[in-house]
Every structure is written in structure tokens, then in C-alpha cells.
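Visitor: One structure coming up, written as C-alpha cells, with questions to follow.
The values are calculated or read from the model by the stated rules, or taken from the named source; none is laboratory data. Everything numeric here is computed off the predicted structure, so don't read it as measured data. Virtual Cβ from ideal backbone geometry, glycine too; neighbours counted across all protein chains shown.
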Amino acid sequence: MKSLTVPAEIDQLDEVTAFIQKELAAADCPERARFQIRLAVEEIFVNISSYAYKPEDGLAEVRCEVTEDPLRVVVQFLDSGKPFDPLAREDADTSEDALMGREGGLGIFLVKSTMDSVEYAYEGGKNILTIRKNL
């Protein structure tokens with residue numbers, strides 16, 4: 001599994017997405033899956049950079065692996081910020097009335113809707129969020 005560690009700061013988003021896109025291109029990942037994975041990566045990294053350590057600073061590690069059998073992309077996000085399980089919240093209500101005044105929750109709903117699996121663990125003082133996309 002290849003790994004990239006960067007400051008958990010929003011200005012690192014381009015580096016994170018470039019790292020993931022390079023791995024997906026090397027694996028000849030289909031364009032639709034690349035787009036979905038990129039959106040999920042952006043959503044998760046923005047959340048880490050916005051909330052995990054504030055008001056302090058910290059690091060985020062992003063790992064990426066393409067497996068052969070079955071053919072899938074696995075991306076992990078690790079941070080030592082405040083423990084937070086984004087999967088513990090109820091899915092966002094996406095009805096038109098609910099969306100009008102809604103704050104938050106839609107990003108993780110998007111991730112869960114487009115990935116084949118999303119898992120969270122808190123181990124060794126780290127938040128670990130793993131997304132998988134079958135190709």
C-alpha cells in the first residue's frame with residue numbers, strides 16, 4: 001500500500017488528490033470510478049483538515065492500494081486528531097424540504113453512496129477511515 005503523509009491543512013488537498021489520481025491512472029482505473037473516488041477523497045480530506053485537530057495542527061496519512069482479486073481500490077485516511085466516527089451519524093435526509101436548511105452530513109452520505117464499503121476504526125490513538133471501490 002502506497003502512502004502519503006501531509007499536514008492536515010486544506011492547502012494540501014491538491015497534493016492528496018494528485019497522489020490518488022496517479023495511483024488510479026497507473027492501475028488503469030475507469031474514468032467514472034476515478035471521479036467518484038476523487039470526490040470521496042476530497043470530502044474526507046477536507047473534513048480531516050477542517051475538524052480533526054483544530055485549533056492545533058497535525059498530520060494526515062493517506063494510503064492507496066489497488067488489489068487484483070477482486071479488482072478494487074482501497075484508500076485509507078489516518079489522523080491522530082479528535083476521535084470521530086463519521087459513520088455513527090444517521091444518513092442525511094435528502095428530501096427537498098430537509099435539504100433547504102441542512103448543515104453538514106451530505107458529504108459522508110455521498111461517500112457512502114458512491115463507494116462499495118466505508119469503514120471506521122479508532123486504533124492506537126488514530127482515526128482510520130477506509131473506503132473501497134470495486135472496479
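Visitor: Go through the stretch 42-71 and give me each residue that's within 18 Å of residue 117 (Cβ to Cβ), crowded, with 17+ Cβ neighbours inside 10 Å and either of a type in the set (Val, Ile, Thr) or in contact with a strand residue (DSSP E or B) (Cβ under 8 Å, 6 or more places away or on another chain) (or both).
Guide: 44, 62, 63, 64, 66
Visitor: With respect to residue 38, determine if the residue is among the basic types (Lys, Arg) and either in contact with a Ser or Thr (Cβ under 7 Å, 6 or more places away or on another chain) or farther than 22 Å from residue 110 by Cα (or both).
Guide: yes
Visitor: Something else about it: Condition first: assigned to a helix (DSSP H, G or I), hydrophobic (A, V, I, L, M, F, W, C), modelled with pLDDT of 90 or more and surrounded by 13 or more Cβ atoms within 10 Å (Cβ to Cβ). Can you find one or more residues in the stretch 4-16 that meet it?
Guide: Yes, that holds for at least one residue.
Visitor: To continue, here is another question. How many residues are more than 17 Å from residue 127 (Cα to Cα) and in contact (Cβ under 8 Å) with a residue 40 or more places away in the chain when one looks only at the stretch 1-16?
Guide: The initial filter retains those residues of the stretch 1-16 that are more than 17 Å from residue 127 (Cα to Cα), namely 1-2, 10-16.
Filter once more, so that each one left must be in contact (Cβ under 8 Å) with a residue 40 or more places away in the chain: 1-2, 10, 12, 16.
So the answer is 5.
Visitor: Residues 75, 118: which one is closer than 20 Å to residue 9 by Cβ and at pLDDT 95 or above?
Guide: 75
Visitor: For the stretch 17-41, enumerate the residues that are in a loop (DSSP other than H, G, I, E, B) and either in contact (Cβ under 8 Å) with a residue 12 or more places away in the chain or surrounded by 19 or more Cβ atoms within 10 Å (Cβ to Cβ) (or both).
Guide: Residues satisfying the conditions are 27, 29, 30.
Visitor: Let me ask another. What number goes with the only condition from (1) touching a helix residue (DSSP H, G or I) at 6+ places or on another chain (Cβ under 7 Å); (2) under 20 Å from residue 135 (Cα atoms); (3) at pLDDT below 90 that residue 39 does not pass?
Guide: (3)
Visitor: Another question about this same structure. Residue under question is residue 69, and the condition is that it be in a loop (DSSP other than H, G, I, E, B), of a type in the set (Asp, Glu) and either touching a residue at least 12 places away in the same chain (Cβ under 8 Å) or at negative phi (or both); does it hold?
Guide: When the stated conditions are applied, residue 69 passes them.
Visitor: Here's a follow-up. Inside the stretch 86-115, can you point out the residues that are exposed (fewer than 12 other Cβ atoms within 10 Å of the Cβ) and at pLDDT 95 or above?
Guide: Within the stretch 86-115, no residue meets the criteria.
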